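What follows is one structure encoded as C-alpha cells, with my remarks underneath.
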Amino acid sequence: MKLRHILIALLSAAACGSNGTVSPAPAAPAAITPNVEVAVAPVRDVPQENTYASTVQAWAVNNIMPQQGGRIRSINAEVGDYVQKGQLLAQMDRTQLDQLALQVQNDDLEYERLKSLYEQGGVSQSDFQTAELGYKMRKSNYANVKENTILRSPITGFVSARNFDKGDMFSMTAPLFVVQQVVPVKLLVGVSESEYTQVKKGQKVTLTVDAIPGREFTGKVERLYPTIDAATHTFKVEVSVQNADKVLRPGMYARVTVNFGTRRSVVVPDTALVKQEGTGTRFIYVLQADTTVRYLPVQVGRHMGGEYELTEGLQGGETIVVKGQAALKDGIKVNVL
C-alpha cells in the first residue's frame, strides 16, 4: 500500500506545474493556406498539323539490261555518276547489230527501187505492199537489236548499281545498271484515316531529314491512294519534293509534317496540367471567386513547345493555377502570389 501511495504522488507531481497547477494540452497547429501562381487561359488559333515518319524514294528507278545474254563489249558509266537521259552506259557484242545494219542499208536501196517501179506501174500493188511490210519489219528488228546492244539511260539520274564488268558474259540474274531519278524525289506517307478528308492534292507539306540537320524542305501532295489499310487504319499519300540541288537521296529517313489548317482552342502552359497517378487523366485547378480552387479534368490536343492545346474542359478566359499544385485538393482555399 505504501508503494502505491508513493507512485500516485509522483504522477500527480509530474502533472502539475511548479506552482502546483495542471499544464494545458498543446494547441493544434493552424491550417496553412497554400501559395499558388495563376494565369488566364487564352483562346487562339492553333495550327493543326501532324508529323509522320517516311523514307525518301527515287521518282523513278530503271533496271537497264539487254533482252538476252551476250558479251559486254564496253562499260561507259560507274556507280555514283550522274547521267543524262539518252547517255551511253554500255555496249554489248555488236556482231548481230552490224550484220543487220548492212541488211537494212541494202533494204533501203531495194525499197526505193521497188517504190519507183510501183509508181511507174512496173510492180503490182500487192507485191509492193508485201515488200514494204517485210522492209518495215526488218527495220523494226534492227531498231530493237540496236536498243539492246547500245544501252542508253532512259532517264536522268544517278547510277546506283553496276553488276557486271567489261568482258563479262551478261546473264539475266541482275540488271547491268540501276539508274535512279532524284529530281524530283517522292515519299509515301501513312496518314491516319481520321484525316482522310483533310488531305488534298497539291497541298503543301514540309519535311526534314536526319542526314541534313537544320534544313527544312518543301513538298506537295502528288496523289492520294484510294484505299485505307484495315490493319493500321492509315492511307498512303504520295509527296513530291523538287530536290533541285540533289541533296535528298533515296533511303534517307524523313519526317513529313502535314498542316491541316487552324482551330480555335484554349491554350495553357504545360506546368498547369496535373496527371492523375495510375491513370491517363489530366486535370487543371481553376481559381474561383472565393479564392478556392476547383479540380477540372481536361482533354489535351497538340503540344507546342511549353504549351498544350485543350480540346475539352475549359471555355477560355478562366484563371488557372500554373504553379503550386502539389499542396492542393478540390475546394481548398489558396493564397495567390
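What to note about this one:
- log₁₀ of I(q)/I(0) at q = 0.12, 0.14, 0.22 Å⁻¹ - region 66-170, Debye sum with one point per alpha carbon: -0.56, -0.67, -1.10
- For region 58-121 versus region 232-249, the gap between their alpha-carbon centres in whole angstrom: 36 Å
- The slack between residue 326 and residue 152, meaning 0.36 nm per residue of separation minus the straight C-alpha distance, is 55.4 nm.
- Inter-label distance for residue 40 and residue 71, nm, one decimal - labels placed 7 Å from Cα along Cα-to-Cβ: 8.9 nm
- Residue among 140, 159, 68 farthest towards the positive dipole end of region 66-170, charges placed on Cβ: 159
- The chain: relative contact order as a whole-number percent, Cα under 8 Å and 6+ apart: 26 percent
- Computed from the C-beta positions of residue 229 and residue 87 and an R0 of 51 Å, the FRET efficiency is 0.80 to the nearest 0.05.
- Förster radius 25 Å - calculated FRET efficiency between residue 172 and residue 62, Cβ distance, rounded to 0.05: 0.95
- Efficiency of FRET between residue 210 and residue 50 - r from beta-carbon atoms, R0 25 angstrom, step 0.05: 0.85
- Distance between the pseudo-spin-label points of residue 255 and residue 197 (7 Å out from Cα toward the beta carbon): 3.0 nm.
- Remark: relative contact order (region 154-208) = 34 percent; criterion is Cα-Cα distance under 8 angstrom and separation of 6 or more residues.
None of the figures in this text is laboratory data; all of them are computed from the coordinates on show. On a predicted model such as this, the values are computed, not experimentally measured, just so you know. Cβ atoms come from the backbone with ideal geometry, glycine included; neighbour counts cover every protein chain shown.
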